[in-house]
Amino acid sequence: MSNSTIYPVRIASFVDAQAIADIHAESSLAVLQGMASAGTLKALPAGHGPKYWREAIEYGEPQVHVATHDDSVVGFVGFDRSRDKGTPPTTGEVWFIYVSPAHWGKGVGLALWDAAREGLIEEGCTHVTIWLRIGNERGMRFHELAGFKREMSSAKTVPLGDGRVEEIRLKRKLS
């Protein structure tokens, strides 16, 4: 478990599922507003609901940790082995990292990243990857400051609502 003086991080529990779903929806929408058309934003699915998050928490796939402030969940991270075909078993992946927009730029993301890094090292991982939308400048900046490097040959197009977005994989050593 990682602990920041302001944002303690702990393993998520079933009671956190609704807060996680809310943060996921709110943060996703805030990030996408500058990247997608109004029509695409309207056509977006609601995202993962509490049922999805309860199952992820129950089965540990991925491992989900939450950051709290004043007993409220303000962010979450999911991590596990890489889902990419052909990667060695020592490659982990941050599947997602989301922070409530009201807490952006305040250290929540760093506390969550620290928890994911510690968890992946404990699992025997030596490298970690994350997939980000190419237009997500805030996310890119955060991960590049955390030591991730873009893998330019990994860029791909993925569906998003009734549109499409470009994603790229970033990677770094865990040591």
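Each reported figure results from applying straightforward, stated rules to the coordinates on display, with no laboratory input. Quantities reported herein were computed from a predicted structural model and do not represent experimental measurements. Cβ sites come from the backbone with ideal geometry, for glycine too, and all protein chains shown count toward neighbours.
More than 22 angstrom separation, counting every C-alpha pair in segment 9-173; what % is that? Could the numbers behind the result be given before it?
Numbers: 5744 of 13530 pairs.
Tail fraction, whole percent: 42.
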In Hz, Karplus ³J(HN,Hα) per residue of segment 67-73 (6.51, -1.76, 1.60; θ = phi - 60°; x = Gly, Pro)
9, 10, 8, 6, 6, 10, 6
Between residue 174 and residues 5 or more places away or on another chain, the pairs with built amide H atoms under 5 Å apart involve 127, 128
Estimated 222 nm signal from helices in the chain, with DSSP H stretches of n ≥ 4 weighted -39500 (n - 2.57), rounded to 500:
-9500 deg cm²/dmol
Determine the relative contact order of segment 76-117: mean sequence separation of Cα pairs under 8 Å and six or more apart, normalised by residue count, in whole percent.
42
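Using the 10 angstrom Cβ neighbour count as an exposure proxy, how do 57, 11 rank, fewest first?
Sorted ascending by nearby Cβ count, the order is 11, 57.
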Run the quick spin-label model on residue 145 and residue 59: label points 7 Å from Cα toward the beta carbon, then report their separation in nm to one decimal.
3.5
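Let me know the shape class of segment 79-175, please: from the alpha-carbon gyration tensor, a ≥ b ≥ c as square roots of the eigenvalues, rounded when a/c is under 1.5, otherwise prolate if a/b is greater than b/c, or oblate. Kindly include the intermediate steps, with their values, before the conclusion.
Numbers: a/c = 1.80, a/b = 1.10, b/c = 1.64.
Note, shape of segment 79-175 comes out oblate.
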Within a 10 angstrom radius of the beta carbon, how do 110, 132 rank from fewest other beta carbons to most?
110, 132
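Count the lysine pairs in the chain whose Cα atoms sit under 18 Å apart, keeping only pairs 8 or more residues apart in sequence or on different chains. List each step's numbers first, then the result.
Working: 85/156; 85/171; 149/171; 149/173; 156/171.
Value for the chain: 5.
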Cα centroid of segment 132-150 to Cα centroid of segment 99-120, whole Å
14
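In whole percent, what relative contact order does the chain give with Cα contacts below 8 Å and a gap of six or more residues?
Details: 310 pairs, mean separation 38.6, N = 175.
Relative contact order of the chain: 22 percent.
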Computed over segment 83-153, the relative contact order (Cα-Cα under 8 Å, seq sep at least six) in percent reads 38
Quick one: order 27, 13 by neighbouring beta-carbon count within 10 Å, fewest to most.
13, 27
